[in-house]
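Scroll down for the structure; my scribbles are underneath it.
The values are calculated or read from the model by the stated rules, or taken from the named source; none is laboratory data. Owing to the predicted nature of the structure, the values given are computational and were not obtained by experimental measurement. Cβ placement follows ideal geometry from the backbone for every residue including glycine, while neighbour counts extend to all protein chains displayed.
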């Protein structure tokens, strides 16, 4: 799958599949002002842009999608079900694989495979420790974290 195809798949997950994920996890039970795609994208892009974003900032990001919600309306969405929804979204996004065409580089011909690996981790609020167990680390750090490893 090319980079363009991967991006299209990500968009499909965050615009379309997220509705089924939200329903399955109990985040969305009925049609509301803020739908699953808006909720997921508001939170993902809000915290991506600013890891210390406040509810007011998330409300502004929702407004960019022409969904005007109050800070309490966003705050009420931060539930265990919402954490599970994001875990399922992350898992689904991680299933998308980027592949490249073979290249004719003499140096690489001596290898049966060239594997690139990377990982990153992010500390999460303590309240999410039940869903996001963490990944070890120093004492005094949050018990909740997510670690992503890609190959």
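When the residues of the range 79-96 are narrowed to those that are within 21 Å of residue 117 (Cα to Cα) and assigned to a helix (DSSP H, G or I), which ends up nearest to the chain's Cα centre (by Cα)? The extreme case among them is 90.
For the range 65-97, a residue qualifies if it is in contact (Cβ under 8 Å) with a residue 60 or more places away in the chain and surrounded by 13 or more Cβ atoms within 10 Å (Cβ to Cβ), and the qualifying residues are 85, 88, 89, 92, 93, 96.
Would you mind stating whether residue 53 is on the phi < 0 side of the Ramachandran plot, without any contact (Cβ under 8 Å) to a residue 12 or more places away in the chain and touching a helix residue (DSSP H, G or I) at 6+ places or on another chain (Cβ under 7 Å)? So residue 53 fits the description; yes. Name every residue in the range 100-132 that is surrounded by fewer than 14 Cβ atoms within 10 Å (Cβ to Cβ), within 21 Å of the chain's Cα centre (by Cα) and not in a helix (DSSP H, G or I), in order of residue number. Residues satisfying the conditions are 117, 118, 119, 120, 125, 130. The listed residues are 36, 94, 40, 20, and the only one of them that is modelled with pLDDT of 90 or more and under 18 Å from residue 122 (Cβ atoms) turns out to be 40. Scanning the range 51-64 for residues that are modelled with pLDDT under 90 and exposed (fewer than 14 other Cβ atoms within 10 Å of the Cβ) yields a count of 4.
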